[in-house]
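Heads up, the thing below is written out as structure tokens.
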Amino acid sequence: EWNTWRALVALDDGDVCDNFKMDRFGEPYQFAPGKQPDIHCEYKDFHLIVEVTRSTGATQHTMEGDSVLRHVGVVQK
């Protein structure tokens, strides 16, 4: 999550909001909690919902697939 957030912030083109916790030195110490996207980016013409996982294959889809659709629905409201 942290490295993905850093890459998106480096693009410097929108408002990139992280939902994970960082310490006072900017180092991550807690993953983003459930029921919200890991990272939410607001750009001029669109929003970007980012879910980060180290899982692959069917496990990845099972763990993240439904939550991504739910997060997008909340943002669209």
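The values are calculated or read from the model by the stated rules, or taken from the named source; none is laboratory data. Remember, predicted model here, so these are calculated numbers, not experimental data. Here the Cβ positions follow ideal geometry from the backbone for every residue, glycine too, while neighbour counts run over all protein chains shown. We work out accessible area using only protein heavy atoms, side chains counted, and drop any ligands, DNA or RNA first. Shrake-Rupley method; radii C 1.70, N 1.55, O 1.52, S 1.80 Å.
In this simple spin-label model, placing a label point 7 Å from the Cα along the Cα-to-Cβ direction at both Phe25 and Val75 gives a separation of 3.2 nm.
Relative contact order of the chain: 24 percent, from C-alpha pairs under 8 Å at least 6 residues apart in sequence.
One quarter of the convex hull surface built on the alpha carbon atoms of the chain amounts to 5.7 nm², the projected area averaged over directions. Among the protein heavy atoms of the chain, carbon and sulfur supply 52% of the accessible surface, probe 1.4 Å, non-protein parts ignored.
In square angstrom, what is the accessible area per residue of the chain with a 1.4 angstrom probe? All intermediate terms of the calculation are to be shown ahead of the outcome.
Working: 5840 Å² over 77 residues.
It amounts to 76 Å² per residue over the chain.
How much of the pair distance distribution for the range 21-60 lies past 14 Å, counting alpha-carbon pairs only, in percent? For the range 21-60, the share of Cα pairs beyond 14 Å comes to 63 percent. The loop-placed chymotrypsin sites (Phe, Trp or Tyr not before Pro) in the range 1-44, going by DSSP, that have at most 13 neighbouring Cβ atoms within 10 Å of their Cβ come out as Phe25, Phe31, Tyr43.
Mind checking the range 1-56 for trypsin sites (Lys or Arg not before Pro) that DSSP puts in a loop (not H, G, I, E or B) and that have at most 14 other Cβ atoms within 10 Å? Could the numbers behind the result be given before it?
Working: sites: Arg6, Lys21, Arg24, Lys35, Lys44, Arg54; in loops: Arg24, Lys35, Lys44, Arg54.
Hits after loop and neighbour filter: Arg24, Lys35, Lys44, Arg54.
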